[in-house]
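Worksheet for the structure shown next.
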Amino acid sequence: GTLLRRLTVGAGAVGEAASTPVCIGVQRAWPRGASAGGARSCRTSSKSGSSGANGRGDSHSRGCASAVQSIARILTRPSVELPGNAMASLSFWEKAPALSAVAAARLAGVPADIKPDAQGNKDTVPTLTLSSGDEFSGVPLILRYIARSGAAEKPLYGSDALSATQIDYWLDYANCNVVAGANFEAVCYGINDYLALRTFIVGHAISMADLALWGQLQAGTMWKKVKQQGKVPYLSRWFDFVADLPECKAAVDEYDLGARKRAAVAADAGAGEVKNGKKAADAGGSFDNALQNAVMGKVVTRFPPEPSGFLHIGHAKAALLNQYFAERYQGKLIVRFDDTNPSKEKDEFVENILQDIQDLGLKWDRLTYTSDYFPELLDIGEALIKTGLLYCDDTPVDTMRDERLNGIESKRRNRSVEDNLAMWAEMLKGSEEGLTNCVRFKLDMKSENGCMRDPTAFRCNLAHHWRTGHKYKVYPTYDFACPFVDAHEGVTHALRTSEYKDREEQFYWILKAIKTVRPKLPDVHIWDYSRLNFVYTVLSKRKLTWFVETNRVSGWDDPRMPTVQGIIRRGLKMEVLKEFILSQGASKNVTYQEWDKIWTMNKKLIDPVCPRHTAVECDGKVSVTLAGGPEALEVVTVPRHKKHPPAGKKSQMRSSQIWIDQADALDVKDGEEVTLMDWGNAIINKVHRDSATGAATSVDATLHLAGDFKKTRVKLHWLAQIDELVELQLSEFDHLITKKKLEDDDAFEDHVNPHTRWDRTALGDANMRSLQKGEIIQLERKGYFIVDEPLTKPGKPIVLFGIPDGRERKGAFPGVPSAGGV
């Protein structure tokens, strides 16, 4: 009896009420649900009608009761061995198919005879009957059995106890909460938030948790409507991925009667849509585009940064997309440094790229370098010279460029193999004659595709290579190295932005050429996606390098730079960056994003938790004398964030002499009652002004703590005039480019913003002395800031960088742009 009471069936404990779920591990193992108590008990009957894989209504209780009886029969038998892969039969009402159980059995390799029951009804509970006669009733219990009986190479119950416990939770949560009813949308919103930065429900591979949740949504009556509303993009992205699994597709095609009817209706509607006009274009934000010829468990992707600068936000998208598809297909991810140009590459860039990758949460299976393959690439180059597919060319660069543009063959194109090999030897030695040559492919100088007009395969370079030193004098180009290294490392799908679409033909031609001398190399599929573009922003590595080298920014991590480190230093939270990128999906449509979108997302994350502090600008600050104020300094403890107690407390100093901003002093009127924030009301007796400029010079006021703050027009932030106030430097930034979208023929130097930084000095409350680097705060009525330089020694100010909030900044600082840029 004690054992049975502790067995969990559905979402409630058998024989006792379900307890509030406890968080598993260091992060939440489940979403924010609709009810405070988490997963509701399966023993609570639902009156919402039939929905989901099990049938709903009173069958909820009957399903749990039946499951208890199943366990009881097994536990009371003297010795029962669960029959491994012996054939079992799975039965369910045909109008409420147990899709997750069908898909799970096939995915786990557990043979089952599927028996839809046409005579069943909404009270029919899915049942798995073993050859021994034992039965398991209810989808959660069936899935648990299948997971434990499946093939060892297909683990669907996680890899450790933590994962298995999390999966157990989700099996119950899906069965008892993802059901039709008033709370369905709220539950979907919670799961959507949970999946914002996740590919799978638990861990990094498909599990029973994914199948259980997918089955509930697929067979339910409300999911399609919620999905079409577009308010749950992450849940929709996850659902489409799981639904695309062959086992899930087959389960739906064979047993979901409702889906068949919906598909028929959609087909008819689609035919009419195509007939009457063009289909709507893909709006983006979707992961519906599957990889071509992808095989589950065999996909290998790669992220190949060049160590010639820091990663920018576009690289971050590439990195996360490669990881997404590797995880989606339970494959592998390679991070490879494309270090083929020693003139641009540095150890510093490698170290910072590795740090960025780590911060992005990238989990790679292999870390490689193109320079690892220099010997093989040089051997292949010589072999291709011997076949006549490569030739050495000493045509001057400008002439070569003009000839390629006009489709004119080089005078060196028909050199003999012997002459080419002799010149190749000079290039390898780095001789004076050899340095005048490069090696080119003999492709098609008449091709309409300029990329096919004899591109360069090797160049001479005597610069020091960051890994190999001066060992080599000849280096492969990216165009030559990439096809070979991709194939050699077993990359199945090379993800590229659509701007390189013209180079796909070249990639396949070069790989085919290399395979003439390395015939065992496998094929590689190129899969293109849209580049991540932002308005008023350049993402070209060459252009960003120009900003650094001309000292228009302080470095690659300057807060005005669109690098990962730059925008994080500006105050963007890493989780927001990842959420934003994943929200873009894998669309092929080229769009330009507004920065205010990502900064608005950032504000939603930081506002509920960041501490509040007070600052008064030094320029024009106004002294206020408070009649009735404290004769001696008073110290009061107040919360740093009134709605977030974990932010802690701070000390507020009160005195009869306080500072306020010039703008506030000009706003108040004689005789007006105002509110001093976190203190009380005061009556303005007199605002003294400079007769020449009209600027306020001082204010006389009387403290009126009995006043009602709800009735005042003006709320003033203020600081007591004490020596403990700290000096602040408040910095705001603008875009580096003045043109919203640069065209291909634009010289970007003509559109460089000459003034992109504004610094103001201010006084801050004494509590700010303890602020640490990277801490985010809100200066009340001035905006959000991140600490770039904390207080280190007397006389040096705390440096705070303003964090854009995605909306127009009114009255923050004169001259500051309406919405800060990068």
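Based on the Kirkwood approach, the hydrodynamic radius assigned to the range 318-415 is 17.2 Å, with every pair of different Cα atoms included.
How big is D, in µm² s⁻¹, for the range 555-681 by Stokes-Einstein at 10 °C and 1.306 mPa s if Rh is the Kirkwood radius over C-alpha pairs? Estimated diffusion coefficient is 84 µm²/s. Compared with the alpha-carbon gap, the fully stretched path from A463 to Q729 is longer by 91.5 nm at 0.36 nm per residue. For the range 495-590, the Kirkwood estimate of the hydrodynamic radius, built from every pair of different alpha carbons, is 16.3 Å.
Mind pulling up the Rg/Rh value for the range 716-807? Radius of gyration and Kirkwood radius, both on Cα.
Working: Rg = 17.0 Å, Rh = 15.2 Å.
Rounded to two decimals, Rg over Rh is 1.12.
Averaging over all projection directions, the Cα-based convex hull of the range 106-204 occupies 8.3 nm² in the image plane. Dipole of the range 680-809 computed with +1 at Lys/Arg Cβ and -1 at Asp/Glu Cβ about the Cα centre; of I737, I722, N681, farthest Cα towards the positive end is N681.
Size of the range 473-539 from its Cα atoms: along the principal axes, largest to smallest, the extents are 47, 31, 20 Å.
Inter-label distance, R689 to E575: 4.9 nm, where each label sits 7 Å from its Cα along the C-beta direction.
So for each of 643-651, 92-100 I average, over its residues, the number of other beta carbons within 10 Å; can you give me the resulting order with the highest mean first?
Working: 643-651: 12.9, 92-100: 25.6.
The packing order, highest mean first, is 92-100, 643-651.
Report the normalised scattering of the range 404-516 as log10 I(q)/I(0) at q = 0.11 Å⁻¹, calculated by the Debye formula with identical scatterers on the alpha carbons. Results for the range 404-516 at q = 0.11 Å⁻¹ read -0.43.
Take every Cα pair under 8 Å whose residues are at least 6 apart in sequence, average their separation, divide by the length of the range 285-340, and the relative contact order is 50 percent.
Sorting M653, M87 by solvent-accessible area of protein heavy atoms yields M87, M653, largest first, with a 1.4 Å probe.
Taking the mean number of other Cβ atoms within 10 Å as a proxy for protection, how do you rank 489-496, 741-748 from highest to lowest?
Details: 489-496: 20.5, 741-748: 10.2.
Packing order, densest peptide first, comes out as 489-496, 741-748.
Annotation: per residue accessible area for the range 495-571 equals 43 Å², rounded to a whole number [probe 1.4 Å, protein chains only]. Solvent-accessible surface of the range 110-260, taken per residue with a 1.4 Å probe and all protein chains present: 37 Å². Each Cα pair of the range 652-744 feeds into the Kirkwood radius, which the Stokes-Einstein equation turns, at 10 °C and 1.306 mPa s, into a diffusion coefficient of 101 µm²/s. Our Cα-only numbers for the range 205-256 put the radius of gyration and Dmax at 10.9, 30 Å.
The per residue volume of the convex hull around the alpha-carbon atoms of the range 339-467 is 146 Å³.
Multiply the residue gap between D619 and K411 by 0.36 nm, knock off their C-alpha separation, and tell me the result in nm, one decimal place. Can you show the working numbers first?
Working: separation 208, 0.36 × 208 = 74.88 nm, distance 7.01 nm.
Extending this stretch completely gives an extra 67.9 nm.
Between D240 and S131, the FRET efficiency estimated from the beta carbon spacing at R0 = 30 angstrom works out to 0.25.
Here the label points at R366 and S89, each 7 Å from Cα along the C-beta direction, are separated by 5.0 nm in the simple model. As a rough guide to protection, the peptides 295-305, 787-797, 430-440 ranked by mean Cβ packing within 10 Å, highest first, stand as 295-305, 430-440, 787-797. In a fully extended conformation the segment linking Q662 and D394 would gain 89.6 nm over its present Cα-Cα distance, using 0.36 nm per residue.
The values are calculated or read from the model by the stated rules, or taken from the named source; none is laboratory data. None of the values given here were measured: they were computed from a predicted structure. Reconstructed Cβ throughout: ideal geometry from the backbone, glycine too, with neighbour counts over all protein chains shown. Surface areas here come from the heavy atoms of the whole protein model, side chains and all, with no ligands, DNA or RNA. Shrake-Rupley method; radii C 1.70, N 1.55, O 1.52, S 1.80 Å.
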